[in-house]
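Beneath this line is the structure, given in structure tokens, with notes to follow.
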Amino acid sequence: MFRSGRCRACVAAAIVALSVVIGLAAACSGDDDGITLVAYTTPREVYEELIPAFADGPAGEGVRVYQSYGPSGDQSRIVESGLDADVVALALEPDIMRLVDEGLVDADWAGGPTAGFVSNSVVVLAVRPGNPEGVRDWDDLLRDDIEVITPNPLTSGGAQWNVAAAYGAQLERGRTHEQALEYLAAMFANVDVQPKGSREALQIFRAGKGDVLIAYENEAITARQNGEEVDYVIPDETILIQNPIAVTSGSGNPAAAEAFVRHLLTPSSQGVFADKGYRPVLPSVLAEHAEAFPEPPGLFTIEDVGGWDDFRSDFFSSDGYMVDIFAGDAPGDRR
Amino acid sequence: MSTDVVTPRPPRRSGRLIAPVGIGVAVMYMSIIVLIPMAALMGGAFDEGWAGFWDAITSDQAIAAVLLTVKLSLVVMLINAVMGTIIAWVLVRDRFVGRGFVNSLIDLPFALPTIVAGLTLLALYGPDGPVGINVAFTEAGIVLALLLVTMPFVVRSVQPVLLELDRDMEQAAASLGAGPLTIFRRIIFPNLMPAIIGGSGLAFSRALGEFGSLVLISGNIPFQDQMASFYIYSLIESGDRTAAAAVSVLLLTLSLAALLLLSALERWTSRHAR
């Protein structure tokens, strides 16, 4: 225990320190003309290129864009919990819908010309350089000699795209719902590691684990642009990943926020998305990059597997198919 | 810690005001930092009443994750108890070049961001590691990561006790004909026991809740090698905050129980040793 003389000094120091901290916190929360973009991590490089262009243009003059990046679900939850955001750009629609449900994003957020989406991608199979295992499509993932890596769809919202792709591809091939679930169970038996999120999955794949990484086309392209040795295969049947963006209803600077989103949807900005590996949402820009982004014959969307609401509750809830599969039970046992 | 009791001096006049202020500041600080958040967590865990709490902590996935976590944390605790004591012994009793340097390295795991710890372990002991040992995505890998982040606890609690240990006792024992093993077993070990137990308890508690260092080294497969903290994260991701809080409260309870049990053991051994 402290002796009383020193104790007095300690108390005084503690009180001074506490008031300094409180004072600093109060000073930092001042408002200005900026807007805050809260986004998931993957498109960071795109935004870092587009934001200076916005600030140089007429619409964005004098507008500072503050940026926060993190996993999509985490970003959505911190906005829900009260982080001041003007624009939210997330990996999947349910993360925006969480904010719509809380009244933080207008219900008509998807009313724009691109239905609320700022970029697209597809689910691909990333393989080792030169594709030594000769992976062509989803059926190869069931082979005994193939080890698959995919993030855990229960800890990563983004990984739910992968499950939707694998399941939907089976339906697209004319298989039944039950056969598609059997496929998922067999495929996940080949999954030795389910990292927390797609970033970690890529890191673990890079460290030499696994033969196939279920990934997004844009991530594979970014990895290649960064000089990493990775190839990828676009299966004939795969899902169109659609990344939503929205202006929040509580935005302190809605004009600037909307101008920013419009800026992201101009052909030149969409061209930057394309250069960084994302499929543009504007058909004209997509056509210009048709060579880089071939359209798979069996391309489908989340609506083809029931839409996000039903798909998520059927597959990822505590009594959903995925928990059954992980537990080694027949899918549907817990329903 | 209950071991460092200093006999209070009789209060002076000027000290009379300070004691209540000191207690007030300590309680206020603890409330803001620990007690109120914990109370909020408890409240969150019982949002859906006892039934909801019970369902959350008895789901198949929760049981599998918590059992694995407790099992591996116990392994980590035991290894720490032995190895931490040896390291403390070497640092205090042996003279070698670079001792001061090694001593300052002990706290490094606390300074290292845990995700970096995981990344480093993956690079070293992963599939393409230079040493040719691959423990990534196995229970051994998880234990390795937990050992790394919990290493300082036992070392740092045993070290000061060893420093203060009266060497006259050992010399007296030796002069009475006791061999080194007997001296260790009868003199040194009983004196170190409370510190070893205390440090191990902290290591166990820390291991129970560890997240960051496991992100890149654990397989995160439900029912197989998913740790409790990852299961909690998945509950948060799926929007089930009540269940997430419930499983967190279960972990906290286990950790508290372990600490209480160990401090009882600590008191018992220190009484028994004299």
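A short reminder: the numbers here are calculations on the coordinates, not readings from a lab. Because the structure is a prediction, the values reported are computed rather than measured. Heads up, the Cβs are rebuilt from the backbone with ideal geometry, glycines too, and the neighbour counts pull from every protein chain shown.
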request  = Would you mention how many residues in the stretch B:49-87 are over 16 Å from the mean Cα position of the chain (by Cα), part of a helix (DSSP H, G or I), small (Gly, Ala, Ser) and surrounded by 12 or more Cβ atoms within 10 Å (Cβ to Cβ)?
outcome  = 5
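Output the residue which, of all residues in the stretch A:156-189 that are touching a strand residue (DSSP E or B) at 6+ places or on another chain (Cβ under 7 Å) and crowded, with 20+ Cβ neighbours inside 10 Å, is farthest from residue A:211 (Cα to Cα). Write out each step before concluding.
Narrowing the stretch A:156-189 to residues touching a strand residue (DSSP E or B) at 6+ places or on another chain (Cβ under 7 Å): A:161-162, A:164-165, A:168-169, A:172-173, A:187.
Filter again for crowded, with 20+ Cβ neighbours inside 10 Å, leaving A:161-162, A:164-165, A:168-169, A:172, A:187.
Working: A:161: 20, A:162: 16, A:164: 21, A:165: 18, A:168: 22, A:169: 20, A:172: 25, A:187: 13 Å.
Filtering the stretch A:156-189 for residues that are touching a strand residue (DSSP E or B) at 6+ places or on another chain (Cβ under 7 Å) and crowded, with 20+ Cβ neighbours inside 10 Å, the one farthest from residue A:211 (Cα to Cα) comes out as A:172.
Considering only residues that are of a type outside the set (Ser, Thr, Tyr), part of a helix (DSSP H, G or I) and touching a residue at least 60 places away in the same chain (Cβ under 8 Å), which ones fall in the stretch A:233-269? Break it down into steps so the answer makes sense when it comes.
Of the residues in the stretch A:233-269, the ones of a type outside the set (Ser, Thr, Tyr) are A:233-237, A:239-247, A:250, A:252-265, A:267.
With the extra rule that they be part of a helix (DSSP H, G or I), the set shrinks to A:254-264, A:267.
A:254, A:256, A:257, A:259, A:260, A:261, A:262, A:263, A:264, listed by residue number.
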ask   = Out of all the residues in the stretch A:210-231, is one or more of a type outside the set (A, V, I, L, M), crowded, with 20+ Cβ neighbours inside 10 Å and within 14 Å of another protein chain (Cβ to nearest Cβ)?
value = yes
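Go through B:248, B:234, B:218 for me and flag whichever is within 12 Å of chain A (Cβ to nearest Cβ) and within 18 Å of residue B:45 (Cβ to Cβ). I'd like the intermediate steps shown before the answer.
Numbers: B:248 fails: within 12 Å of chain A (Cβ to nearest Cβ); B:218 fails: within 18 Å of residue B:45 (Cβ to Cβ).
None of the others qualify; the one that does is B:234.
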task = Kindly indicate whether residue A:309 is within 30 Å of residue B:223 (Cβ to Cβ) and either of a type in the set (Asp, Glu) or loosely packed, with under 15 Cβ neighbours inside 10 Å (or both).
result = yes
request  = Report the residue count in the stretch B:187-204 for those that are farther than 25 Å from residue B:70 by Cα and either within 12 Å of the chain's Cα centre (by Cα) or of a type outside the set (A, V, I, L, M) (or both).
outcome  = 3
ask   = Hey, among A:226, A:190, which residue is of a type outside the set (Ser, Thr, Tyr) and in contact (Cβ under 8 Å) with a residue 40 or more places away in the chain?
value = A:190
inquiry  = For a quick check of your reading of the model, give me the residue pairs whose first member lies in the stretch A:100-113 and is within 21 Å of residue A:81 (Cβ to Cβ), whose second is in a loop (DSSP other than H, G, I, E, B) and among the polar types (S, T, N, Q), with beta-carbon atoms closer than 9 Å and at least 6 apart or on different chains.
reply    = A:103/A:249; A:104/A:249; A:105/A:249; A:106/A:249; A:109/A:249
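Return the only residue of A:272, A:323, A:285 being touching an Asp or Glu at 6+ places or on another chain (Cβ under 7 Å), of a type outside the set (S, T, N, Q), buried (at least 17 other Cβ atoms within 10 Å of the Cβ) and assigned to a helix (DSSP H, G or I). Steps first, answer last, please.
Details: A:323 fails: touching an Asp or Glu at 6+ places or on another chain (Cβ under 7 Å); A:285 fails: touching an Asp or Glu at 6+ places or on another chain (Cβ under 7 Å).
From the options A:272, A:323, A:285, the qualifying one is A:272.
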ask   = When the stretch B:105-122 is examined, which residues are found to be under 9 Å from residue B:216 (Cα atoms) and surrounded by fewer than 17 Cβ atoms within 10 Å (Cβ to Cβ)?
value = B:115
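Conditions tested, residue by residue: (1) hydrophobic (A, V, I, L, M, F, W, C); (2) more than 13 Å from chain A (Cβ to nearest Cβ).
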site: B:55; (1), (2): no, no
site: B:61; (1), (2): no, no
site: B:68; (1), (2): yes, yes
site: B:84; (1), (2): no, yes
site: B:96; (1), (2): yes, yes
ask   = Quick one: in the stretch B:121-139, which of the residues that are assigned to a helix (DSSP H, G or I) and in contact with a helix residue (DSSP H, G or I) (Cβ under 9 Å, 6 or more places away or on another chain) is farthest from residue B:79 (Cα to Cα)?
value = B:122
ask   = Within the stretch A:287-330, how many residues turn out to be within 14 Å of another protein chain (Cβ to nearest Cβ) and not aliphatic (A, V, I, L, M)?
value = 17
